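Inspection log for the structure reproduced underneath, given as structure tokens.
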Amino acid sequence: MVMFSRDAYGLGILLGMIMPIVSFFGYYYWKFRWFTLTDFFTMLQQNKQLVTALSIPCLLLNVVLFTLYINGKKDKTAKGIFLVSVVYAIGALLFKWFY
């Protein structure tokens, strides 16, 4: 696959940012498609447990990508994915605790 041939921090950061967004909308469509996106965000603000339930599948794709790149000896890309995953996880915790 072409995606797995490069080893760059920028690629890892880009992939690490895109995959949780894809997962977020997939989770929204799978579980909450009958609500508008605005209503869904309101539900996230009101129900902090939903933030945790949503964070797990969003970061799961990054874990899979991280594993694929580590096993493919593309350490720079894997580090970029890991960095963004940590930022997303901290952001989810801050949202859950303070928002």
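Some points to look at:
- Residue in segment 50-71 that is at pLDDT below 85 and among the β-branched types (Val, Ile, Thr) present: yes
- Residues of segment 45-65 classified as within 19 Å of residue 22 (Cα to Cα) and touching a residue at least 24 places away in the same chain (Cβ under 8 Å), total: 11
- Filter result for residue 7 (surrounded by 12 or more Cβ atoms within 10 Å (Cβ to Cβ) and modelled with pLDDT under 90): yes
- A Cβ distance below 8 Å, combined with a sequence gap of six or more or placement on separate chains, defines the contacts here; from segment 25-44, residues that are free of Cβ contacts under 8 Å to residues at least 24 places away in the same chain and within 20 Å of residue 95 (Cα to Cα) reach residues that are assigned to a helix (DSSP H, G or I) and hydroxyl-bearing (Ser, Thr, Tyr) in the pairs 37/28; 40/28.
- Applying the criterion of at least 3 residues that are within 14 Å of the chain's Cα centre (by Cα) and closer than 26 Å to residue 11 by Cα to the helices (runs of 4 or more DSSP H) found wholly in segment 27-99 leaves 48-71, 75-98.
- Considered as a group, the residues in segment 26-40 that are surrounded by 12 or more Cβ atoms within 10 Å (Cβ to Cβ) and out of contact with any Pro (no Cβ under 9 Å at 6 or more places or on another chain) include one that is nearest to residue 82 (Cα to Cα), and that residue is 28.
- Selection count, segment 49-74, where residues are farther than 16 Å from residue 24 by Cβ, surrounded by 13 or more Cβ atoms within 10 Å (Cβ to Cβ) and not hydrophobic (A, V, I, L, M, F, W, C): 3
The values are calculated or read from the model by the stated rules, or taken from the named source; none is laboratory data. No experiment lies behind these values; they were computed from the predicted model shown. Note that we place each Cβ from the backbone using ideal geometry, even for glycine, and neighbour counts take in every protein chain shown.
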